[in-house]
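First up is the structure itself, then whatever we jot down about it.
Read-outs: derived from the displayed coordinates by stated rules, not from any lab. If you're wondering where the values come from, they're calculated on a predicted model, not measured in any experiment. Cβ placement follows ideal geometry from the backbone for every residue including glycine, while neighbour counts extend to all protein chains displayed.
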Amino acid sequence: MMHFLLLFSRQGKLRLQKWFTPIPEREKKKIVRDMTTMVLGRKPRSCNFLHWKDLKIVYKKYASLYFCCGLDAEENELLALEVLHRYVELLDKYFGNVCELDIIFNFEKAYFILDEFLLGGEVQETSKQVVSRSIEASDMLQEVSERPCSR
Amino acid sequence: MSDVVEKTLSALPSLLSLDSQAGAGKLSPSSKLGNLIKGITELTSKHEEETLIKKELESIKEQVASPNTTMRQMKEIMVRAIYCEMLGYQASFSYIHAIKLAQQGSVLEKRVGYLAVSLFLNETDEFLLLLVNTVLKDLQSTNLIEVCMALTVVSQMFPKDMIPAILPVVEEKLTHPKEIIRRKAVLALYKFYLIAPNQVQHIHSKFRKALCDKDPGVMTASLHIYLQLIKENPESYKDLTGSMVTILRQVVGGKLPLDFNYHSVPAPWLQIQLLRILAYLGKEDQGTSEMMYDVLEESLRRAEMNHNITYAILFECVKTIYTVHPKSQLLEKAAECIGNFVLSPKINLKYLGLKALTYVVQQDANLALPHQMTIIECLDHSDVIIKRETLELLFRITNAQNVTVIVEKMLEFLRLTCDDYSTIDLVGKVAELTMNSVFSLGGDVMQPDIPNNFLRLLAEGVDNVEDRQLRLFAVDSYVSLLQGETAKLPQRFLQVISWVLGEYSYLREEESDPGSVMRLLARLLDQRHTSTETRSWVLGAMTKLCSSPVSVALARDVCERYLYSGSLNTVLRQKAQELMILSQDTKLRARVLPAEGRLESPEVDSSLSFLDGYVSDALAAGAAPYKSPHQRQEDLVQEKALSLEPYGLSLPVSLSSCSITDRRSPTLLSMSSGLSGNSTELSHQEGSTTLKLEGVKRVWGKDGYLAQQQSAGETPTPLVELPSPLLSPQSPPSQKPSSGLEPDQEKRQLASSLFVGLGSHNSVCLVRLPSTVWLFIKNCQSANQSNVVKSLFKPFYINSCQSKNHGSFVKVSGIFAARKSCQTDDSCCFPPQISCISGSPLKEVKGHSVSVCLHTVVMKRASVQVELAGLLSYQRPLGQPQAAQFSLSLSLKHFLRPLTVSTGDYGKMWLSFSHDLKQNLRLVTTEHQEPLTATLDALKGKLHLHVVDIIGSEGIVACRLLQGPGQGQPCLLHCRVHADSLAVWLRSPVPELPDSLLYHCQKALTET
């Protein structure tokens, strides 16, 4: 199971945080601090897996943004990398060539997409089409609802 | 999904409201959030950010409190609040409003409300109770999106106590016509199962239905539950094996809809989930495992190495293969796969390869052997993570012989990264377990400061959580050790155990009854093999422990035995007395051994000034002046140190005089020999017929040694200076071994020291040995024409026979076959170093001539294997001297002979031998024989051991090693069936023999 997913910038600024297990606030802060220092301290071309306490940390850098998740010890690291990748694909599909700014200014959308993809720390839906369809469904709603105001 | 939209559209009128935000998610810089974010990015200092956010929070607070704020505005405010929280500023005042938004907002606003709730609150938060009704209402809504949102928030976080309130509604959703709802419901139930397993027990049959759902997404979701269920209780779900195998086969075969493909790999998440389930099902269950072999093989085959995702599948597959009941064919493929991972230039794969290797070497340490060079390279890798993983791997293959090198490497690593949190963890584990293995293997011969250092490691350090854990771990592992058989544990280890238990048992007091450790210690005292010194350690530990009434009673018992039954040892009496008094007087005990203060080192007056008066009194009374320990030490025999050198391999070969009685006397003999040896030490032997292996270079490598040996005509790399007078002038000039190690050599040397004790001994294990040695002999039928005749130089046939004069020796007969036409011209001989030769033809086969050469080979120093290599030189009357090289390896078992002794003699010998080794071996099981008998028979058959006697579950076995003239040195084995393994205790007067023999025993038993 995934315990948390963090998105942060090269400067260590948190862009998105998702906690799948109940963690006290103080502990969350510590994790965020530890993750940013650990991951940002990694040299390029080093391996994408780390250890933190009894969790496996898998991270990947996409452009200026680091995607970092904490997993149970028995999880498959390579698969987690693909989970991150799939999430990026979904963001990309939604925003169209996603960049850090998209996520900064529309982080709630990024959360919605994440909620359709992962649920309770497990991959909910592996089919990209299905995920994007359910996000579209909610967004259609939004567009339609917003149309009258533009008039 | 289209009807989702339709239904939503029908609900639209209620959603119509003014929204200044633009459409599908592009940012609007004019929005308040946009302004906030921009404002923050323009700031330069943390302080400015704080001021800005404070201001922002103030304004948010004001707005949420205002009754005029609409839900739509609230939604926008909530997003800003989420943003502030993400930056690390508390906006707790907004939590209640988030719930309100979820309660009262329209679908869009609700969505943000739920999001804010799930980001702000924890499962334990009381606010959540306010949400229950909202969730319940939304679950029952006709709007699919509302149901989805409710299910999402429920599987995010839901108060455990409130699950019953919504469970029936969620359950109902399992039969919902929309797959997205069914899927989310399954995941919600999975989450419920995780937080409150008993509450969902009654719906297990519905899970089965979900497993059979026609939608692959729902089925995949149900596997999360099954993985958990099967992990906890595999026995109850064995019947699912067939279904899981079928599903996996279908997935692998590409039967799923194409949109489940990920980078053209069919449903990788599903595959991996299934593989993990199969691993749990097939673990230690041959029948179940057999059902899955085919599909596992197919998975391996289908997952070609081309994309990250296939590597993920391969890795999981390998893990499964190694978890289920082994099938050699699959294991082979999996091992190959691991090899590919390890060798991969991709660093992530290398990492996983090392990880997989770490996992599999626990089953078969030899699997690490082919990768030693890679492992060595990884040890120096620039990435600390790789390094760490490599150390972890080494840690698994630690044995008595390589422990020093490995620990050294670990310390090296720790020195570099001592501030890392995880490293502390590593140190503890490594030190702990390594020490345990060292103690149990090297035990009594170890220098006393090693355990002392270990104890210091345990005792030192701040009293933080990790230290506590380490200590608790030590205590726990020692308690379980003591609960088992303690007779095999070395005394020093027992002493360490006593100290640790005495000092830190209080850490586990809450979870066990206080007397249990006491009883274990008391049992230790009762055992006959416990030495006096150990007993005094044990008593010391008991003194620290006797706090509870149970322990006091036990302690009194023990003391009485020691004080009144007349134990002669003063130290023991003293300790027992202390224990007696302290156990009775709790106050005194609390003062002497304060429970709290044991971590602080007491102040010690090292000059012992308070004793000055006493000393001067004593001196005045005529006592002898004090002698420093340093002075006294000189008389003491130094304790034996743990030998850190890798065992050298030397090939001492005794020569016996030989005569060449060929049909025709050889016209000329040139002799030279290549002897392989890796010994850095020189093996000095006596007499003119012996070898001096001076400056023998270490020659070995993955493909190194033998290849050189086979290239005939070249001088073999390891050259031997021959003091022997037999050396003929034609002998090729001896080359000095090249000085200085090649760049690679250093690494190889490291490899040899790291991998020593795995498989066979260092150099030998790196050399691949062919079963036959080919000789190329020039045919000289006609003087002008030379044809190459391939003659098969059969591996030596080794027989043993008794000789009148020399005791026993090995007869090595090499059958040398050459064409009839050339046999008269060729004279063949064996290198004199292995001693030669009787070239007389035993019999003449038509068309061939056969010469049988006899010579004696003995093993001077016990070794797992020796390499015998030589140069065969011959010369035709008119031609140049020719040479051909050969080599073969002789294993220790060729030099073993049964030793027939009586049980009585065995007992006498047993006590007189100093070198011993203990190890557990696999038991051989056959249908019609006792395991012990079967195992010993197997050993007898394979290694020529003599079974002296079998009494009950114990058996004694003896053998001897041909080692020069005479009977040879004995090695005694004492075998006892213990649980499922055979505890073997080897003793011999020869230092290396038990170890080498043990290796062959292991090998022999694995082969059967």
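Between residue B:969 and B:961, B:963, the built amide H atoms are under 5 Å apart, and every one of these is 5 or more places off in sequence or on another chain.
Going down the table (B:209/B:238; A:18/B:319; B:231/B:387), which pairs top 20 Å between alpha carbons?
Those over the limit are A:18/B:319; B:231/B:387.
Spatial offset of the stretch B:240-313 relative to the stretch B:338-398 amounts to 25 Å, using the alpha carbon center of each. Remark: for residue pairs A:29/A:93; B:160/B:184; B:100/B:137; A:30/A:53; A:61/B:191, the C-alpha separation exceeds 21 Å in A:29/A:93; A:61/B:191. For residue B:332 and residue B:264, the FRET efficiency from 1/(1 + (r/R0)^6), where r spans their Cβ atoms and R0 equals 30 Å, is about 0.60. The mean number of Cβ atoms from other chains found within 10 Å of a Cβ in peptide A:79-86 is 5, as a whole number. Whole-Hz Karplus values for the stretch B:375-384 come out as 4, 4, 4, 5, 5, 9, 5, 5, 8, 4 Hz, taken residue by residue from phi with 6.51 cos²θ - 1.76 cosθ + 1.60 and θ = phi - 60°; glycine and proline positions read x. For chain A, a Gaussian network of Cα nodes joined below 10 Å ranks A:14, A:50, A:101 by mean-square fluctuation, and the top entry is A:101.
Modelled spin-label separation between residue B:104 and residue A:52, with each label point placed 7 Å from Cα along the Cα-to-Cβ direction: 3.8 nm. Across the stretch B:921-929, coupling constants 3J(HN,Hα) worked out from phi with the 6.51/-1.76/1.60 Karplus curve, θ = phi - 60°, read 10, 6, 8, 8, 10, 10, 6, 9, 10 Hz, and Gly and Pro carry x.
On the basis of the beta-carbon distance and an R0 of 60 Å, residue B:519 and residue B:92 show a calculated FRET efficiency of 0.65.
Within 10 Å of the Cβ of each residue in A:49-55, the mean number of Cβ atoms contributed by other protein chains is 4. Of the residues B:138, B:557, B:259, B:285, the one with the fewest other Cβ atoms within 10 Å heads the list, and the complete ranking is B:557, B:259, B:285, B:138.
Roughly how crowded by other chains is peptide B:32-42, in terms of the mean Cβ count from those chains within 10 Å of each of its Cβ atoms?
2
Residues B:539, B:139, arranged from fewest to most other Cβ atoms within 10 angstrom of their Cβ, appear as B:139, B:539.
Measuring r between the beta carbons of residue B:557 and residue B:44 and using R0 = 56 Å, the FRET efficiency lands at 0.15. A straight chain from residue B:176 to residue B:346 at 0.36 nm per residue would run longer than the Cα-Cα distance by 56.6 nm.
For the listed peptides B:365-378, B:213-226, a ranking on the average number of other beta carbons within 10 Å per residue, highest first, reads B:213-226, B:365-378. Run through the stretch B:203-306 and list the GluC sites (Glu not before Pro) located in a DSSP loop whose Cβ has at most 15 other Cβ atoms within 10 Å. Here the GluC sites (Glu not before Pro) that fit, given the DSSP loop and packing criteria, are B:284, B:304.
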